[in-house]
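Novice: Before I ask anything, let me first share the structure, which is written out below as structure tokens.
The values are calculated or read from the model by the stated rules, or taken from the named source; none is laboratory data. Just so you know, these numbers come straight off a predicted model, no measurement behind them. Here the Cβ positions follow ideal geometry from the backbone for every residue, glycine too, while neighbour counts run over all protein chains shown. Remember, those area values only see protein heavy atoms, side chains included, never the ligands or the DNA or RNA. Shrake-Rupley method; radii C 1.70, N 1.55, O 1.52, S 1.80 Å.
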Amino acid sequence: MGYRVVIAGATGNVGREMLNILAERQFPVDEIAALASRKSLGTEVSFGDKTIKTQDLDTFDFEGWDIALFAIGASATKVYAPKAADAGCVVIDNSSLYRYEPDIPLIVPEVNPDAVEHYRNRMIIANPNCSTAQLVVALKPLHDRARIKRVVVSTYQSVSGAGKDGIDELWDQTKGMYVPGQEVEPSTFQKQIAFNVIPHIDVFMEDGSTKEEWKMVAETKKIVDPSIKLTTTCVRVPVFVGHSEAVNIEFEDFLDEDEARDILREAPGIMVIDKREDGGYATPIESVGEYATYISRIRQDSTLDNGLNLWCVSDNLRKGAALNAVQIAELLGNRILKKG
Ligand SMILES: NC(=O)c1ccc[n+]([C@@H]2O[C@H](COP(=O)([O-])OP(=O)(O)OC[C@H]3O[C@@H](n4cnc5c(N)ncnc54)[C@H](OP(=O)(O)O)[C@@H]3O)[C@@H](O)[C@H]2O)c1
């Protein structure tokens, strides 16, 4: 016996990956409903070797459904997640809406799986921002060994992090550069993204940081340890899928680069690719369609007493969103909503 599972946002980048990953990992599904906005009513999406038709989220009745994986953005989530939760269906939400509420668990299963017990507070569990998910998978095992004091992160985030529209804009703008009269003005992004990089993701905050940067700080503290100091610069780059991060870490205790490499090799969810030779490191293209967070370029930072640098790459639609959500559903299934 399995679960009755809902995917809200099934026509989007993350929703489609959720369907793929549920099928790939053979999540015990008895029945699945694919939901999106009314304009997508009847749109076909794939679930394993089946094709299912999309239903209208607005008229869907969540009564009797066990788990709903949401990937529809914060404003629509505000309307529909409470409806699902009130009907007794546990919501695993990808938007930022609930992440910072103290009674809502924010979970990366490799890092804080025990937080799943708190799902009962509101029947809602939050999934972190894509950049945070891969970062905390890398930080946690190192923190457990040498206590992290401070982290400096620069991100290189792919356009798929901005949804279907982000992918279309990079594609159309790149083609438009070569076809006179078909130039595409920026609309999803603030400046031209083709052949460019943009140090601006989400809105500006009062202190001059962006909301994306603030999210990484707040979420790392909530998931790993509030004592960790973090400063970030988040940058959009013309890559379709796969986020990269250059990470500098200062520890309380000394941690040798070879020991760090061994710790990361053993850690869940991580694949170390770290040869000091041409091509001996991971790039975003190699992370596409994979589950792992790839760690490369692990090396001592000689400007600090206890410092390390590393490079961290992952598929933002998978570990950064859909995979993490399915892993949370697996945790719920294994620990709490046991069936069969
Ligand atoms: N992309 C990432 O790397 C990433 C990572 C972490 C979290 N997230 C979060 O995941 C969510 C989805 O992102 P995405 O990249 O998949 O976006 P997307 O490709 O633009 O897809 C959005 C999905 O939401 C549906 N939707 C939007 N408004 C709706 C409404 N009012 N009612 C019903 N369905 C609605 C869309 O349906 P229609 O096709 O019918 O419009 C579509 O299925 C966002 O909250 C995003 O912040 C994304």
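Novice: From the list 269, 242, which one is open to solvent by less than 70 Å² (accessible area, probe 1.4 Å) and closer than 30 Å to residue 193 by Cα?
Specialist: Among 269, 242, only 242 is open to solvent by less than 70 Å² (accessible area, probe 1.4 Å) and closer than 30 Å to residue 193 by Cα.
Novice: Please specify each residue of the range 136-169 satisfying the condition of being within 16 Å of the ligand (Cβ to nearest atom) and more than 30 Å from residue 36 (Cα to Cα).
Specialist: Correct list: 136, 137, 155.
Novice: To continue, here is another question. Output the residues belonging to the range 102-114 that are of a type outside the set (S, T, N, Q), out of contact with any Gly (no Cβ under 7 Å at 6 or more places or on another chain) and touching a residue at least 24 places away in the same chain (Cβ under 8 Å).
Specialist: 106, 107, 108, 109, 111, 113, listed by residue number.
Novice: For the subset of the range 53-85 comprising residues that are touching a strand residue (DSSP E or B) at 6+ places or on another chain (Cβ under 8 Å) and part of a loop (DSSP other than H, G, I, E, B), which member is farthest from residue 31 (Cα to Cα)?
Specialist: Step by step, filter the range 53-85, then rank; the result is 72.
Novice: Considering the range 219-252 alone, what residues qualify as being out of contact with any Lys or Arg (no Cβ under 6 Å at 6 or more places or on another chain), in a loop (DSSP other than H, G, I, E, B) and of a type in the set (D, E, K, R)?
Specialist: Across the range 219-252, the qualifying residue is only 225.
Novice: What are the residues in the range 45-85 that are within 20 Å of residue 16 (Cβ to Cβ), away from the ligand (no atom under 12 Å from the Cβ) and surrounded by fewer than 19 Cβ atoms within 10 Å (Cβ to Cβ), if any?
Specialist: 46, 48, 49, 50, 51, 52, 53
Novice: So which residues in the range 307-317 are closer than 20 Å to residue 265 by Cα and not hydrophobic (A, V, I, L, M, F, W, C), if there are any at all?
Specialist: 307, 309, 314, 315
Novice: So which residues in the range 1-30 are within 16 Å of the ligand (Cβ to nearest atom) and part of a loop (DSSP other than H, G, I, E, B), if there are any at all?
Specialist: Result: 9, 10, 11, 12.
Okay, residues lined up against (1) of a type in the set (A, V, I, L, M, F, W, C); (2) farther than 26 Å from residue 148 by Cβ:
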position	(1), (2)
277	no, yes
282	yes, no
287	no, no
290	no, no
304	yes, no
319	no, no
328	yes, no
335	no, yes
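Residues checked against (1) outside any helix (DSSP H, G or I); (2) buried (at least 24 other Cβ atoms within 10 Å of the Cβ):
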| position | (1), (2) |
| --- | --- |
| 299 | yes, no |
| 303 | yes, no |
| 309 | yes, no |
| 312 | yes, yes |
| 321 | no, yes |
| 331 | no, no |
| 334 | no, no |
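Novice: Also: Do the conditions hold for residue 163, that is, is it in a helix (DSSP H, G or I) and at pLDDT below 95?
Specialist: Taking the combined requirement at face value, the residue satisfies it.
Novice: For the range 15-44, which positions are of a type in the set (A, V, I, L, M, F, W, C), touching a strand residue (DSSP E or B) at 6+ places or on another chain (Cβ under 7 Å), in contact (Cβ under 8 Å) with a residue 24 or more places away in the chain and surrounded by fewer than 21 Cβ atoms within 10 Å (Cβ to Cβ)?
Specialist: 23, 29, 33 - these are the residues of the range 15-44 that are of a type in the set (A, V, I, L, M, F, W, C), touching a strand residue (DSSP E or B) at 6+ places or on another chain (Cβ under 7 Å), in contact (Cβ under 8 Å) with a residue 24 or more places away in the chain and surrounded by fewer than 21 Cβ atoms within 10 Å (Cβ to Cβ).
Novice: Then there's this: Give me a count of the residues in the range 1-14 that are open to solvent by less than 10 Å² (accessible area, probe 1.4 Å), among the aliphatic types (A, V, I, L, M) and within 17 Å of residue 331 (Cα to Cα).
Specialist: Residues flagged as open to solvent by less than 10 Å² (accessible area, probe 1.4 Å), among the aliphatic types (A, V, I, L, M) and within 17 Å of residue 331 (Cα to Cα) within the range 1-14 amount to 2.
Novice: Quick check on this structure: which one of 109, 102, 113 is open to solvent by 20 Å² or more (accessible area, probe 1.4 Å), within 16 Å of the ligand (Cβ to nearest atom) and out of contact with any strand residue (DSSP E or B) (no Cβ under 8 Å at 6 or more places or on another chain)?
Specialist: 109
Novice: Follow-up question, since we're still on this one. Open to solvent by 50 Å² or more (accessible area, probe 1.4 Å), in contact (Cβ under 8 Å) with a residue 60 or more places away in the chain and at negative phi: is that true of residue 191 in this structure?
Specialist: no
Novice: So, one more: Considering the range 86-99 alone, what residues qualify as being of a type in the set (Gly, Ala, Ser) and near the ligand (Cβ under 9 Å from one of its atoms)?
Specialist: Selection gives 95, 96.
Novice: Oh, and also: Given the conditions (1) farther than 30 Å from residue 256 by Cβ; (2) open to solvent by less than 70 Å² (accessible area, probe 1.4 Å); (3) basic (Lys, Arg), report the number of the one that residue 164 does not fulfil.
Specialist: (2)
Novice: Being in a strand (DSSP E or B) and within 15 Å of the chain's Cα centre (by Cα) is the filter; apply it to the range 86-99 and report the residue that is surrounded by the most Cβ atoms within 10 Å (Cβ to Cβ).
Specialist: So the residue we want is 93.
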